[in-house]
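I have placed the structure first, in the form of structure tokens, so that the comments after it can refer back to it.
The values are calculated or read from the model by the stated rules, or taken from the named source; none is laboratory data. Only a predicted model underlies this, so the values are computations on that prediction, with no experimental measurement involved. Note that each Cβ is placed from the backbone with ideal geometry, even for glycine, and that neighbours are counted across all protein chains shown. Accessible surface is based on the protein model in full, side chains and every heavy atom, while ligands, DNA and RNA are left aside. Shrake-Rupley method; radii C 1.70, N 1.55, O 1.52, S 1.80 Å.
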Amino acid sequence: MSKITLSKSNFFYNLDKIQEKTRDISKIALVLKDNAYGHGLIEMATLAKEYGIQKAVVRSYDEAMAVVDFFEYVLVLADTPKSAHEKILYTINDADSIQDFPVGTRVELKVNTSMNRNGVNKEEIESCITKIKEQGLRLEAIFMHHSCADESNGNYELQKSNFELIKKEAPKGLRFHSCNSAALFREDDFSEDMVRVGIAAYGCMELDQKFFSGNLRAILSLYAKKISSRKLQKGESVGYGATFIADGAVVVSNYDFGYGDGFLRACSGSYKTPEDVKIAGRISMDNSSFLTDKESLLIFNDARTVAPYAQTISYEVLTSLKSYIKREIV
Ligand SMILES: *Cc1c(COP(=O)(O)O)cnc(C)c1O
């Protein structure tokens, strides 16, 4: 079977770098949505707890319940509670959703600072806060999300200044947070109450060197297992569509990892592994062929190197990995 290994030392290295920025471990909330960016929800929660991380961010109620015993605080980005839990907080993404939350729920209000995805507009904040009180919910924080934390087009600064205004006018006693990974590393002097870090913790952040000159360390490696091997003569082809044609005698082997397992099909034809092994032809659902006869083949050890083959980002490479692939902490 194909297998994923997770490097604990690389994870801890990344968390050290994140902690240098926040200067306070209790401000780090590790984003564990989407099976911890494909790394494995429980595996990453276990390691995070061992490091001393106290906060987590997830997408759903089910994810929150799965990890709540590892943390002091779990923020759910987009769901409503099925039952109350003292350590789980919920995001209000829209004024109309306030009525869906049971009395006593701990909530955080998401505000829209120009990303125009989720969150209430500045003008609605006051009425939302009133509504939240009337519903008997416990409002603890106001937060926003950046659309361009890893780009230099002016939006980052615009959203930041919009949020500063919101903070000034907000009632006392609330917490504030705005930074994802890229925003945290862009800040010279981070001073908010919390940061929601995902991709930096997983070591695959891609941020212009002018903002961050260090290098984080990818923690996930993926290995596939050989199913069969054969010798081809010049002119023989491999796989669907016969798109690979041997230009001489070659050894080709078929491995047990395909697009159904999360190997983006757009990598077909051109992909090369970190050990410089070339792919042969198209990726199939449960198989892919490579010009080697290694028993266990390292497919990748840094999702950032895979992403360009599929014209995508490391986030998609990672979250495509199916949860049934065995994860092993090394
Ligand atoms: C996914 C997500 C994050 C984490 O973003 P990274 O770029 O992976 O650090 C932070 N906040 C919100 C609201 C998110 O949805």
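Quick one: is ASN287 touching a residue at least 12 places away in the same chain (Cβ under 8 Å) and over 27 Å from PHE11 (Cβ atoms)?
In short, yes.
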Within the stretch 146-171, the residues that are open to solvent by 50 Å² or more (accessible area, probe 1.4 Å) and within 13 Å of the ligand (Cβ to nearest atom) are ASP150, GLU151
Subset of the stretch 1-54 (residues that are under 21 Å from ASP189 (Cα atoms), open to solvent by 10 Å² or more (accessible area, probe 1.4 Å) and not β-branched (Val, Ile, Thr)):
TYR13, ASP16, LYS17, GLN19, GLU20, LYS21, ARG23, ASP24, SER26, LYS27
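Residue-wise test of (1) within 16 Å of the ligand (Cβ to nearest atom); (2) closer than 20 Å to HIS39 by Cβ.
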| site | (1), (2) |
| --- | --- |
| SER229 | no, no |
| LEU232 | no, no |
| GLY248 | no, no |
| TYR259 | no, yes |
| ALA280 | no, no |
| MET285 | no, no |
| SER314 | yes, yes |
Search result, residues across the stretch 170-190 that are touching a residue at least 40 places away in the same chain (Cβ under 8 Å) and more than 26 Å from the chain's Cα centre (by Cα):
ALA170, PRO171
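How many residues are farther than 20 Å from TYR61 by Cα and either outside the structural domain of LEU174 (by TED's automatic domain parsing) or in a loop (DSSP other than H, G, I, E, B) (or both) when one looks only at the stretch 101-125?
Here is the first cut: in the stretch 101-125, the residues farther than 20 Å from TYR61 by Cα are 111-117, 120-125.
After this cut, where a residue has to be either outside the structural domain of LEU174 (by TED's automatic domain parsing) or in a loop (DSSP other than H, G, I, E, B) (or both) as well, the list is 112-117, 121.
So the answer is 7.
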How many residues of the stretch 1-58 are under 21 Å from VAL317 (Cβ atoms), within 13 Å of the ligand (Cβ to nearest atom) and of a type in the set (Lys, Arg)? The answer is 1
Taking the criterion of being farther than 17 Å from MET194 by Cα, within 16 Å of the ligand (Cβ to nearest atom), under 21 Å from the mean Cα position of the chain (by Cα) and not charged (D, E, K, R), would at least one residue in the stretch 78-90 satisfy it?
yes
How many residues are open to solvent by 30 Å² or more (accessible area, probe 1.4 Å) and either outside any loop (DSSP other than H, G, I, E, B) or within 17 Å of LEU232 (Cβ to Cβ) (or both) when one looks only at the stretch 281-318?
12
Scope the stretch 319-330; condition within 16 Å of the ligand (Cβ to nearest atom) and either part of a helix (DSSP H, G or I) or open to solvent by 80 Å² or more (accessible area, probe 1.4 Å) (or both); matching residues:
THR319
Matching residues in the stretch 216-236 - criterion: being touching a residue at least 60 places away in the same chain (Cβ under 8 Å) and of a type in the set (S, T, N, Q):
SER221, SER229
Counted residues in the stretch 64-77 being more than 16 Å from the ligand (Cβ to nearest atom) and open to solvent by 10 Å² or more (accessible area, probe 1.4 Å) come to 5
Residues satisfying the stated conditions in the stretch 191-205, i.e. open to solvent by 10 Å² or more (accessible area, probe 1.4 Å), more than 8 Å from the ligand (Cβ to nearest atom) and touching a residue at least 12 places away in the same chain (Cβ under 8 Å):
GLU192, ASP193
Which ranges mark the strands (runs of 3 or more DSSP E) fully within the stretch 170-280 that have 2 or more residues being out of contact with any Phe, Trp or Tyr (no Cβ under 8 Å at 6 or more places or on another chain)?
195-197, 220-232, 250-255
Output the number of the condition that GLN159 fails; it satisfies all remaining conditions of (1) part of a loop (DSSP other than H, G, I, E, B); (2) touching a residue at least 40 places away in the same chain (Cβ under 8 Å).
(1)
